[in-house]
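These notes are about the structure you will find just below.
Nothing in this text is a laboratory measurement; each read-out follows from the coordinates by a stated rule. The model shown is predicted, which means the values in this text are computed figures rather than measured ones. Cβ atoms come from the backbone with ideal geometry, glycine included; neighbour counts cover every protein chain shown.
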Amino acid sequence: MKKIAIAAAALAVALPAGHAAAADYPTKPVSLTIAYSPGGATDFQARIVTMVAANKGLLGQPIVILNRPGAGGKVGWNHFASKASTDGYQMAAYNVPHFIAQSIKFKTKYNIDNLEPIANWGADPAVLVVNKNSKFNSVKDLAAWAKDNPGKVTVSGAGLFVGHHIAYLQIEKALGVKLRYVPHKGGAPALKSVLGGQVMAGVNNLSDSYRSRSSLKILGIADLQRDKQFLPDVPTFKEQGYDVDDSSVNFRGIMVRKGTPQAVIDKLAAIMPKMFANARVAKQMRNGGSPIRIMDRAAVQKMWKERQKFLTGLLKDL
Amino acid sequence: MEFLDHFGAVFTWSSMLILCAGTIGGLLLGATPGLSPTMAVALLIPFTFHMDPAQGLMLLGAAYTSTVAGGAVSAILLNIPGAPANIATALDGNIMARKGAGARALQICFISSAIGGVLGILVLIFLTPVLASWALKFGPSHLFWVAILGVTIIGTLDSKSVVKGLLAGCIGLWIAMIGSDSIQGVERFIFTEELEGGVHIIAALIGLFAIPQVIEMLEGGRKDPRRTVFEVRRANIWRSALETVSKVRALVIGGVVGTVIGLIPGAGGQIAGLVAYDQSRRFSRNSAKYGTGESEGVVAAESANNAMVGPSLVPLLTLSVPGSPTAAVLLGGLLIHGIFPGPDLFQKHAAVAFSFINSMLIGQILMLIFGLAIAGLAAKVIEVKPPILASAILVLAVFGSYSVQNSMADVAIMLVLGIGMYFLARYGFSPAPLVLGIILGPIAEHNYVQGRIIGEAQDGIAPYFLTGWLNILLIALVVLSLVYSIVSEIRVKRQERAAAAEAAS
């Protein structure tokens, strides 16, 4: 009897709190699922951009990082899209174009329609790199050699259907030649293969390539404009006359499940860009060589839709 | 000798305090099953946000060195390797503990860890520029042969017979195939959603080693609940030190194997201990005693897996290429403080870089001091009554396998594999070759597939895998290892037959 009374009392307390959830949200720590291992670039950046969440004027509650890696992100995102709560206390980080490409190519439980973007914190464009001792000095050299030797240019990248792979597909198409993609387990081993001379070229993150620039030649950026902060001298593919746009740029940001109350989404969408713009976050991100690109909810929604359309076309005959 | 100039920064009150905290914390984290060095370092990085760069890196350096050694504690006392690196330590270490020499085994383990660790860091300090480019030369074909070299020791590792060892290895290879393959993303043997991410090595490790023991203890415990299974004899530190130092051959093999394997990016320090253990047994005069509580086995395994720590950072510090998962996490720790590793690291950030390396050197010494201090006390763990100990191990096993990926699926996988292993163990199978199969399968497969793609673009697959001096050297080692196994197997059989004939006459 006593137990039931306590339970009833607890329920009575909990119910009104549930109704008023949006107004005083959040009243407890919020979790952020990362679909990759601890220490990877996404995990590393997520820990930085969420470190001031508990500050006054921001969320007022800490954000706890939960890593749920496996099968190239599929395990974490599948779990999130099917099991996460829709009360705003469980968020996840997205990687575009990775999760969109996967949702097109594989039978996944997630797609852009059952997830709600909140805000974007970073964008890391892909670059085409070759070893310092390579005979290629420009994209043109590489294209010319590949024309005479179809399928002989090996190009490393972080795996299938990640930004690197999308950039590779675009480059291959724009150059009008046959190359050979060598998928690796992550960006670091892919870059190692370029440095060690196991492959002739590589598509990799701008930030990682920038750090290894003394042993590399960076031939082009797969983005719409040059990177003024880190690599002002490296031209884009467009400048060199090849039709490669920013579709492969690796965007990172925060999302929640569809069905989360609109009031909670609006609140998060208002707070998160402010949190990413915090001075301490900006400084740590700069130190880490991680490019920041803050986008609000509307901009991310538009970007997701564009990518979905583009990737559906690109991956159709693959 | 430039590193000597930077020792000053390590010997300040605040730095020493951080180093001690990092070391003690690392030992505890390392001793907890499931918390591998990689995870321990990843968890500590946010704490360094607020420290100055040199001290933040000291904390990470000290934690890295001590978690590697800490993993040996649970391997020796409970037969649960804290991380894959400690599997070989458990083979003889746990038997020593069961015979009452737990304290001595721990002391020997910490002393040989420190010797191997210091050796590895010295290699890092003096040979980094020479070795960095060498380490990069290892491509898919070489890593494939390294993995095959590992496969050749599966049969002889801790099994009653070669056939059972190989069978267990095959089961391991099969378990490793479950999930999406790492290159094409093809799904294999996924019958339920829980298996989508494959079998995580830590979950498998905990299940295969811990659960059969838990079941056995509970069986025994019901029969006689008051029984204490193991006694713990006191051990003299100096005697243990003398014993460790007298195993020169095992120390040298452990140090060299650990250093070389640590340098190879992607080979994974996970197998350093096992390879060193196996080589040390082959060259030892009392190789028959391995697997029966021979301290030499502990010396070889532990000196190897700590010797690996320093060299595994060589490609990271000079070329900004992390050679191991832990190095990748450390890269994050360096970046957060604005330190970009690369050829100019030691010119541009000499103070920070050297205090990081020095802290690992001092960390080895602190690890030795604290390790020896707790050895006697920690060994008492196994005096606990079996039913209580079994429950505690079960709690740790569930907690450990859950914490790796925050996934209940891993807990279920851990329990299923563990229960399966309990029955296999009754038929003379051993978990070590099975785990080795799980570790080596993906390395061999991944590098074979990559090598094929690259080989096809070049002169063909066969020349890619079979030519070049490094390939030929590795193939020669594989052949040697196989021939040795066969010859020693024949010799053992002949001796058995002679003994049987003598007994009959």
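Mind giving me the FRET efficiency for residue B:490 and residue A:83? R0 is 45 Å, r the Cβ-Cβ distance, nearest 0.05 is fine. Walk me through the intermediate numbers first.
Details: r = 57 Å, r/R0 = 1.26.
So the FRET efficiency works out to roughly 0.20.
Could you give each residue of segment A:197-214 its phi-based ³J(HN,Hα) in whole Hz, using Karplus coefficients 6.51, -1.76, 1.60 with θ = phi - 60°, and x for Gly or Pro?
x, 6, 10, 7, 8, x, 9, 9, 5, 4, 5, 5, 5, 4, 5, 9, 4, 6
What aspartates and glutamates could a cross-link reach from residue A:302, if we take a straight Cα to Cα line under 19 Å and drop same-chain neighbours fewer than 8 places away?
Leaving aside aspartates and glutamates fewer than 8 places away in the same chain, those within reach of residue A:302 are A:113, A:116, A:124, A:223, A:245, A:246, A:266.
Restricting to the protein assembly as shown, compute how many DSSP beta bridges are antiparallel as a %, nearest 5.
On the way: 27 of 42 bridges.
Of all bridge pairs located within the protein assembly as shown, approximately 65 percent are antiparallel.
Enter the Cα centre distance for the pair segment B:162-185 and segment A:220-293, rounded to the nearest angstrom.
40 Å
Kindly put A:127, B:10 in sequence by how many other C-beta atoms sit within 10 Å of each C-beta, fewest to most.
Numbers: A:127 28, B:10 22.
Sorted ascending by nearby Cβ count, the order is B:10, A:127.
How big is the charge dipole of segment A:166-293 about its Cα centre, in debye rounded to the nearest 20, if each Lys and Arg gets +1 on its Cβ and each Asp and Glu gets -1 on its Cβ? Kindly include the intermediate steps, with their values, before the conclusion.
Values: 20 positive and 10 negative charges, 111 e Å.
Once rounded to the nearest 20, the dipole reads 540 debye.
Of the listed pairs A:173/A:309; A:152/A:173; B:99/B:164; A:152/A:316; A:28/A:56, which have alpha-carbon separations greater than 20 Å here? Mind dumping the intermediate values first?
Working: A:173/A:309 18 Å; A:152/A:173 16 Å; B:99/B:164 26 Å; A:152/A:316 25 Å; A:28/A:56 14 Å.
Distance filter (> 20 Å) returns B:99/B:164; A:152/A:316.
Kindly provide the Kirkwood hydrodynamic radius of segment B:22-169 in Å, to one decimal, from all pairs of distinct alpha carbon atoms.
Working: mean 1/r = 0.0573 Å⁻¹.
Evaluated over segment B:22-169, this radius sits at 17.4 Å.
Please work out whether chain A counts as rounded, prolate or oblate from its C-alpha gyration tensor, where a ≥ b ≥ c are the square roots of the eigenvalues and a/c under 1.5 means rounded, while otherwise a/b larger than b/c means prolate and anything else oblate?
Working: a/c = 2.53, a/b = 2.11, b/c = 1.20.
It comes out prolate by the Cα gyration axes.
Considering every residue in B:331-337, what mean count of other chain Cβ atoms within 10 Å of its Cβ is obtained? Provide the component values of the computation, followed by the final result.
Numbers: counts 7, 10, 2, 2, 11, 8, 3.
Whole-number average of other-chain Cβ neighbours for B:331-337 is 6.
Measure nothing but the geometry: give the 0 to 90° angle between the long axis through the Cα atoms of A:2-19 and the longest principal axis through the Cα atoms of chain A, rounded to 10°.
60 degrees
Over 35 Å apart: what share of the alpha carbon pairs of the protein assembly as shown falls there, rounded to a whole percent?
Everything past 35 Å amounts to 49 percent.
Evaluate E = 1/(1 + (r/R0)^6) for residue B:122 and residue B:28, where r is the Cβ-Cβ distance and R0 equals 22 Å; express this FRET efficiency to the nearest 0.05.
On the way: r = 27 Å, r/R0 = 1.23.
So the FRET efficiency works out to roughly 0.25.
Taking the Cα centroid of segment B:98-156 and of segment A:60-126, what is the distance between the two, rounded to the nearest whole Å?
Centre-to-centre distance over Cα atoms comes out at 38 Å.
What is the ratio of the Cα radius of gyration of segment B:374-505 to 2.2 N^0.38 Å, where N is its residue count, to two decimals?
1.66
How crowded by other chains is A:153-159, given as the mean number of beta carbons from other chains within 10 Å of each beta carbon? Numbers along the way, then the final one.
Values: counts 1, 7, 1, 3, 0, 0, 4.
So the per-residue partner count for this stretch is 2.
On C-alpha positions alone, give me the angle between the axis of helix A:163-175 and the longest principal axis of chain A, in degrees, nearest 10.
For helix A:163-175, the angle is close to 30 degrees.
Would you mind finding the longest exposed-site-free stretch of chain B, with exposed chymotrypsin sites (Phe, Trp or Tyr not before Pro) meaning DSSP loop and at most 11 other Cβ atoms within 10 Å?
Values: sites that count: B:11, B:191, B:427.
Between exposed loop sites, the widest span is B:192-426.
If you take the square roots of the eigenvalues of the alpha-carbon gyration tensor of segment A:175-256 and sort them as a ≥ b ≥ c, do you get rounded (a/c under 1.5), prolate (a/b over b/c) or oblate? Can you show the working numbers first?
Values: a/c = 1.28, a/b = 1.12, b/c = 1.14.
Rounded, because the longest to shortest axis ratio a/c is under 1.5.
Exposure proxy check: B:240, B:488, A:85 ranked by fewest other beta carbons within 10 Å? Could the numbers behind the result be given before it?
Working: B:240 24, B:488 15, A:85 12.
The fewest-first ordering by Cβ neighbours comes to A:85, B:488, B:240.
Give the shape of chain B as rounded, prolate or oblate, defined through the alpha-carbon gyration tensor: a ≥ b ≥ c are the square roots of its eigenvalues, a/c under 1.5 means rounded, and otherwise the shape is prolate if a/b is larger than b/c and oblate if not. Kindly include the intermediate steps, with their values, before the conclusion.
Details: a/c = 1.40, a/b = 1.14, b/c = 1.22.
It comes out rounded by the Cα gyration axes.
For every other residue with a beta carbon closer than 10 angstrom to the beta carbon of residue B:295, add +1 if it is Lys or Arg and -1 if Asp or Glu, then tell me the sum.
Values: positive: B:104, B:247, B:289; negative: B:92, B:243, B:294, B:296.
Here the charged neighbours net out to -1.
Rounded to the nearest whole Å³, what is the per residue volume of the convex hull around the Cα atoms of segment A:18-137?
Values: hull volume 18.0 nm³, N = 120.
Each residue corresponds to 150 Å³ of Cα convex hull volume.
Note down the magnitude of the dipole of chain A about its Cα centre, charges +1 on Lys and Arg C-beta and -1 on Asp and Glu C-beta and zero elsewhere, to the nearest 20 debye.
Details: 42 positive and 21 negative charges, 126 e Å.
For chain A, the charge dipole is close to 600 debye.
Mean separation of Cα pairs under 8 Å and 6+ residues apart, divided by the residue count of chain B: what relative contact order is that in percent? Walk me through the numbers before you get to the answer.
Details: 949 pairs, mean separation 143.3, N = 505.
Here the relative contact order equals 28 percent.
Search the structure for amide H atoms under 5 Å from the amide H of residue A:118, placed 1.01 Å from N in the peptide plane, and list their residues when 5 or more places away or on another chain.
Answer set, sorted by chain and number: A:254, A:255, A:256.
Would you tell me the mean number of C-beta atoms belonging to other protein chains that fall within 10 Å of each C-beta in B:254-266, as a whole number?
Values: counts 0, 0, 0, 0, 0, 0, 0, 0, 0, 0, 0, 4, 6.
What the average comes to for B:254-266 is 1.
Counting other Cβ atoms within 10 Å, which trypsin sites (Lys or Arg not before Pro) in segment A:164-206 have at most 14 and lie in a DSSP loop? Walk me through the numbers on the way to the answer.
Values: sites: A:173, A:178, A:180, A:185, A:192; in loops: A:178, A:185.
Qualifying residues, ordered by number: A:178.
Using the Kyte-Doolittle scale, which helices in chain B average at least 0.0 and also have C-alpha atoms spread 30 Å or more along the helix axis, with helices defined as whole DSSP H runs? Before the final figure, lay out the partial values.
Numbers: long enough: B:53-78 (37 Å, 1.29); B:102-136 (42 Å, 1.82); B:201-223 (34 Å, 1.15); B:350-379 (41 Å, 2.02); B:431-457 (40 Å, 0.68); B:469-504 (52 Å, 0.97).
Those that clear 30 Å and a mean of 0.0 are B:53-78, B:102-136, B:201-223, B:350-379, B:431-457, B:469-504.
Reachable aspartates and glutamates from residue A:185, Cα under 12 Å, same-chain residues fewer than 8 places away excluded?
Of all the aspartates and glutamates, those that pass the test against residue A:185 - Cα under 12 Å, at least 8 places apart if same chain - are B:181.
Test of the criteria: in segment B:127-194, which trypsin sites (Lys or Arg not before Pro) are in a DSSP loop and have at most 14 other Cβ atoms within 10 angstrom of their Cβ? It would help to have the intermediate numbers written out before the result.
Working: sites: B:137, B:160, B:164, B:188; in loops: B:137, B:160.
Passing sites in segment B:127-194 are B:137, B:160.
Quick one: putting +1 on the C-beta of Lys and Arg, -1 on the C-beta of Asp and Glu, what dipole do you get for the protein assembly as shown around its Cα centre, in Debye to the nearest 20?
Values: 71 positive and 49 negative charges, 154 e Å.
It comes to approximately 740 debye.
Once you have the Cα-Cα distance between residue B:50 and residue B:388, take 0.36 nm times their residue separation minus that, and quote the gain in nm to one decimal. Write out the running numbers ahead of the final one.
Numbers: separation 338, 0.36 × 338 = 121.68 nm, distance 4.11 nm.
Fully extending the segment from residue B:50 to residue B:388 adds 117.6 nm.
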